[in-house]
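Reading through the structure tokens given below for one structure.
The values are calculated or read from the model by the stated rules, or taken from the named source; none is laboratory data. These figures come from a predicted structure and were not determined experimentally. Here the Cβ is made from the backbone with ideal geometry for all residues, glycine too, and neighbour counts use every protein chain on show.
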């Protein structure tokens, strides 16, 4: 199918509209790329912020674990001291003697 001169004459009148449409499409593509670039930049900032927040959370978790270990040690130490105190008190008391003292008048 060949192009006839009459076809060119009718298409030349529409060239202005076609060029306008093509320019609009290319501008839309460029704008779309700019938007995508902007979003990717924001995402990279968010990722770095999330990374920092995760590091802070890990430090907090480690501190909480350390604090829990210290509390556990303190509790066990206190329990051991109480047990030793009970042993000493029991050793000082006579088994034959009762704990209740009745006072008669």
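Determine, yes or no, whether residue 74 is modelled with pLDDT under 80 and either in a helix (DSSP H, G or I) or in contact with a helix residue (DSSP H, G or I) (Cβ under 8 Å, 6 or more places away or on another chain) (or both). No. Only one entry in 79, 19, 57, 61 is surrounded by 10 or more Cβ atoms within 10 Å (Cβ to Cβ), modelled with pLDDT of 85 or more and outside any loop (DSSP other than H, G, I, E, B), namely 79.
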